[in-house]
Amino acid sequence: MTRLILIRHGETLWNTERRMQGQLDSPLTERGIWQACRLGERMATMAFTTLYSSDLPRARLTAQRIADLTGHDIVADERLRERHFGMFEGMTRPEMELLDSQVYARFMSRDPQYAVPGGESPAGFFARCRDALEDLAARHRGQTIAVVTHGLVLDSAYRAATGLPLEAQRPVPLVNASLNCFVCNDGAWQVERWGDADHLGADGVTIFGDGSV
């Protein structure tokens, strides 16, 4: 089996503005940089063999704070990117609805097969994430690896481990710069820890949901 420490990037400007980031990017806020530094200190006390990261800047910068303190090289992997939200990327929900109310209604219906024009469907995105993470798990059988990525990649791992349908609302939050620990054994998933942000303290935690991933 392989242990995967899945890590969400630090807080970004578009998180705070509730904009759909997707595969566009916005910079880490001052708090996000601070979160990444505290995360690096936490990871320096933990044993893991390899540090992977999404190639999007907000994840890479978060991973760099870990690498600075642990000495790991960063292995960038574009398969770990956030879901592509097509024509809605960079927008708030009111802006999405104003742009095209019918597309927005389809998007909000949580239909697993529906893709916003130019984007990915929930089902297609889930398959991408699961395939990528299971490939990494197979490469590192018997090891612990760290993966810096995005909120809905964490969501996909959670659904793989719990069997939560893609149509269902997730009952747990997405926490910036948190540790989310899973075991993967030949495609069988188990969640061991979710949303661990003890390194941030009560005042340093930020939680943004699906509207700003």
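The values are calculated or read from the model by the stated rules, or taken from the named source; none is laboratory data. Because the structure is a prediction, the values reported are computed rather than measured. As a convention, Cβ positions derive from the backbone with ideal geometry for all residues, glycine included, and neighbour counts pool all protein chains shown.
For a quick check of your reading of the model, give me the residue pairs whose first member lies in segment 130-143 and is within 19 Å of V191 (Cβ to Cβ), whose second is in a loop (DSSP other than H, G, I, E, B), with beta-carbon atoms closer than 7 Å and at least 6 apart or on different chains.
Qualifying pairs under 7 Å: A132/D77; E134/G187; H140/T49; Q143/T49.
For (1) touching a residue at least 60 places away in the same chain (Cβ under 8 Å); (2) in a loop (DSSP other than H, G, I, E, B); (3) surrounded by 24 or more Cβ atoms within 10 Å (Cβ to Cβ), each residue gets a yes or a no:
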{"site": "Q21", "(1), (2), (3)": "yes, yes, yes"}
{"site": "R31", "(1), (2), (3)": "yes, no, no"}
{"site": "W34", "(1), (2), (3)": "yes, no, no"}
{"site": "C37", "(1), (2), (3)": "no, no, no"}
{"site": "G40", "(1), (2), (3)": "no, no, no"}
{"site": "T45", "(1), (2), (3)": "no, yes, no"}
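Being small (G, A, S) and in contact with a Leu (Cβ under 9 Å, 6 or more places away or on another chain) is the filter here; which residues of segment 137-179 pass it?
A137, A146, G151, S156, A157, A160, A177, S178
Of the conditions (1) surrounded by 21 or more Cβ atoms within 10 Å (Cβ to Cβ); (2) polar (S, T, N, Q); (3) in contact with a Pro (Cβ under 9 Å, 6 or more places away or on another chain), S121 satisfies every one except a single condition; which number is it?
(1)
Which of (1) at pLDDT below 95; (2) in a helix (DSSP H, G or I) is the odd one out, the single condition N15 does not satisfy?
(1)
Can you pull out the residues in segment 149-206 that are buried (at least 18 other Cβ atoms within 10 Å of the Cβ), part of a helix (DSSP H, G or I) and hydroxyl-bearing (S, T, Y)?
Across segment 149-206, the qualifying residues are S156, Y158.
Pick from R93, R83: which is farther than 25 Å from R42 by Cβ, within 14 Å of the chain's Cα centre (by Cα), buried (at least 17 other Cβ atoms within 10 Å of the Cβ) and not hydrophobic (A, V, I, L, M, F, W, C)?
R83
Scan segment 82-134 for residues that are touching an Asp or Glu at 6+ places or on another chain (Cβ under 6 Å) and assigned to a helix (DSSP H, G or I) and report the count.
1
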